[in-house]
Amino acid sequence: MAGRVRVADWALVAAWPVALGVGVALNIAQLGPVDEWGEYPAAITMGLLVGAALMTTGLVSVGLRVLSEKPVRAAQELVQA
């Protein structure tokens, strides 16, 4: 299992670059109301939500893989060695 890479694992790699891209694209598309600095907070928030969702997907995938691993040696053998 150590060499297998799941598609969901790539979500960890892509999470924040995709989030930045979504935030910038929606800011350029002028999504939502304008704040006092001329930015679009709804666009930035959507980018952060996309990044958080991708990060959650990747972390759940890695966590499930770690939970399914079997120990190589029993804990007692490690103490005695």
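For the chain, the longest principal axis of the alpha carbon atoms and the long axis of helix 41-68 meet at an angle near 10°.
Placing unit charges on each Cβ (+1 for Lys and Arg, -1 for Asp and Glu) gives the chain a dipole about its Cα centre, and among 61, 44, 11 the Cα reaching farthest toward its positive end belongs to 61. The rule of thumb for compact globular proteins, 2.2 N^0.38 Å, goes into the C-alpha radius of gyration of region 7-70 1.42 times.
Each value in this text was obtained by applying a stated rule to the coordinates, not by laboratory testing. Keep in mind the model is a prediction, meaning the values are calculated, not measured. Cβ: placed from backbone, ideal geometry, glycine included. Neighbour counts: every protein chain shown.
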